[in-house]
Amino acid sequence: MTAFVSAMRVVVLMLLGAGVVSAPIGEKGLVWPNPAVGILYLNGISQTVLLDVTGRKVAELQPGANDLQHVPAGVYFARSKTGVRQKVVIRR
């Protein structure tokens, strides 16, 4: 994770593979909270999937709250249709 100060605004860039998630500090990224426990919120981007580390789709995420009680604890990746990616940790 790299932080840049630009025009009185701090932007956090999370580089994951070919995708980049950019969000001002204090705002949510693609999904939150991270790590998540049961519920994961999608920040208004439709057509986003949750992938396991092998690339297998484990859930389709909808804008707003998503119940992930059925997903085992572990590391996942949220990927939007536009290619934006964010690492997601699910805890129990």
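The values are calculated or read from the model by the stated rules, or taken from the named source; none is laboratory data. Remember, it's a predicted structure, so these values are computed and weren't measured experimentally. For neighbour counting, all protein chains shown are included, and Cβ atoms are generated from backbone atoms with ideal geometry for every residue, glycine included.
Give the residue, chosen from Gly44, Gly29, that is modelled with pLDDT under 95, closer than 21 Å to Arg91 by Cβ, under 13 Å from the mean Cα position of the chain (by Cα) and in a loop (DSSP other than H, G, I, E, B).
Working: Gly44 fails: closer than 21 Å to Arg91 by Cβ.
After ruling out the rest, the residue left standing is Gly29.
Just for the range 54-77: of the residues that are over 14 Å from the mean Cα position of the chain (by Cα) and assigned to a loop (DSSP other than H, G, I, E, B), which one is surrounded by the fewest Cβ atoms within 10 Å (Cβ to Cβ)? My answer is Thr54. The C-beta contact set for the range 78-92 (first residue within 13 Å of Ser46 (Cβ to Cβ), second residue not in a strand (DSSP E or B), distance under 6 angstrom, 6+ apart or interchain) comprises Ala78/Leu30; Ser80/Ile45; Lys81/Gln47; Val84/Leu30.
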